[in-house]
Amino acid sequence: MRVFKVGPDFLDPMILERASGNPVYQLDLWMAGGDHCRRLLFDAAGDADLILVEGVMGFYDGSPSSADLSALFGIPAVVVISAASIGQTFAAIAHGLTTYRDDITFAGVLANGVASAKHAQMIAAGAADGARLLGSIWRSQTMSLPERHLGLVQPGEVDDLHTRLEAAAGAVAGTDLVDLLPEVEFSEPPAESAPKLLEQLSIAVARDECFSFLYAANLRLLAKMGANLLYFSPLADRTIPPADSLYLPGGYPELYLERLEKNATMKQSITAHFEADKPIYAECGGMLYLLDRLTDREGRSGQMVGLLPGHAVMQNRLAALGYHEAEFSAGTLRGHTFHHSLMQSPLAPAAVSKHLYDGSPGEAVYRLKKLCASYLHLYFPSHPIACTELFLLNS
């Protein structure tokens, strides 16, 4: 079984990976393009009997949307509709969703959050002449997942995650969904180019419960281009592994202020890497870790690495969200931004990203010697050659 996630999300794929037992890749038509998404689906179809794709937001929301992906690849859609506080109206919503466009095949609809057997009967009676009702998912706390800012709580922090996933699997097993999934054939796309520009290059990659926002496709591309990826934990390890380059991804440094501040040898190790004139690429939470200080929403402050002059403060509301693209010397890299902090720095940006929809200025890209940092989460396959600039010693 292979599972994919539409859109740029990091947290949902972590849960989906635990549930499926396989890495979860994003299918994002804007960040990655149609050929790249087709390649991921084609490769997965070669070794899996079942492929599921979780959509993003509402089925028709965004451009490109989950509906666009379904239409492009001929993937039949199952629409999960909240049935909370409605009865026969469920049928009208299902009818609208399944007839809004005529280029999408719908396998059916699922009613979610159904309160009782009587409630299920009301929904079934109203939906009899509309879209095919595959069944009802009962309202239950046993399979709900905890949330916080940025989305779902990471799987390693949910002690009873397996029990919750088993409950969800049991609920789905009680519907007609598993009996209705049709076969889909994916045509083979053009071969993807991954020149060995990073051959014999070692990249230390921060990866733990604090720094976890990593695209599986980014790591796969770096490896295909010849890089040797060395994983470490800024929370638990004393130093970074000996490496040519350093990759600090996003995550939740605000939740681990004290541990990050107290790990002095790790901060010294990162500083020594910087002073040796070796590349560092830091995005979002990784960038906040490199600042002088970081303050959480309760006003607690921690001293960070101190390579980037400045201070960031967590906010009680979302500070930025959306797709962006940024120019690098070898080309344009695409990605997205999603953060709850505001940052102040005397350092002038080396570049500024552009918003997808209106081209307006977006996130600052900071350069200091061979350090590149930004709030942006870049999707490396959007321009494989350009991403090498972030890690090459001679960039």
Checklist entry - Scanning segment 352-369 for residues that are surrounded by fewer than 16 Cβ atoms within 10 Å (Cβ to Cβ) and touching an Asp or Glu at 6+ places or on another chain (Cβ under 8 Å), which turns out farthest from G285 (Cα to Cα)? => result K369
Item to check | Output for segment 205-247, where each listed residue is of a type in the set (A, V, I, L, M), free of Cβ contacts under 8 Å to residues at least 60 places away in the same chain and within 13 Å of A282 (Cα to Cα) | outcome: V205, L246
Checklist entry - Looking only at segment 154-169, which residues are more than 20 Å from the chain's Cα centre (by Cα), over 18 Å from M1 (Cβ atoms) and not charged (D, E, K, R)? => result T163, A167
Next on the checklist: So in segment 66-97, with the set limited to residues that are among the polar types (S, T, N, Q) and surrounded by 20 or more Cβ atoms within 10 Å (Cβ to Cβ), which one is nearest to V184 (Cα to Cα)?
Outcome noted: S70
Item to check | Among the residues listed as D49, D61, D43, D9, the single one being surrounded by 18 or more Cβ atoms within 10 Å (Cβ to Cβ) and among the acidic types (D, E) | outcome: D9
Next on the checklist: Quick test of your reading of the structure: A115 fulfils all but one of (1) touching a residue at least 24 places away in the same chain (Cβ under 8 Å); (2) more than 21 Å from P182 (Cβ to Cβ); (3) surrounded by fewer than 17 Cβ atoms within 10 Å (Cβ to Cβ); (4) under 31 Å from the mean Cα position of the chain (by Cα). Name the failing condition by number.
Outcome noted: (4)
Checklist entry - Yes or no: Y281 out of contact with any helix residue (DSSP H, G or I) (no Cβ under 7 Å at 6 or more places or on another chain), aromatic (F, W, Y) and in the same structural domain as H336 (by TED's automatic domain parsing)? => result yes
Checklist entry - Is it true that S345 is surrounded by 14 or more Cβ atoms within 10 Å (Cβ to Cβ), over 25 Å from E209 (Cα atoms), assigned by TED's automatic domain parsing to the domain that holds E261 and hydroxyl-bearing (S, T, Y)? => result yes
Item to check | Residue in segment 229-259 that is nearest to the chain's Cα centre (by Cα), counting only those that are of a type in the set (A, V, I, L, M, F, W, C) and within 18 Å of E157 (Cα to Cα) | outcome: L255
Checklist outcome for this item: Note on segment 90-124: residues more than 18 Å from A71 (Cα to Cα), part of a strand (DSSP E or B) and among the aliphatic types (A, V, I, L, M) are L110, A111, V114
Next on the checklist: I'd like to check which helices (runs of 4 or more DSSP H) are fully inside segment 211-326 and have at least 1 residues that are over 29 Å from W30 (Cβ atoms).
Outcome noted: 257-262, 264-275
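The values are calculated or read from the model by the stated rules, or taken from the named source; none is laboratory data. Not measured: the values here are computed from a predicted model. All Cβ positions, even for glycine, are placed from backbone atoms using ideal geometry, and neighbour counts span all protein chains on display.
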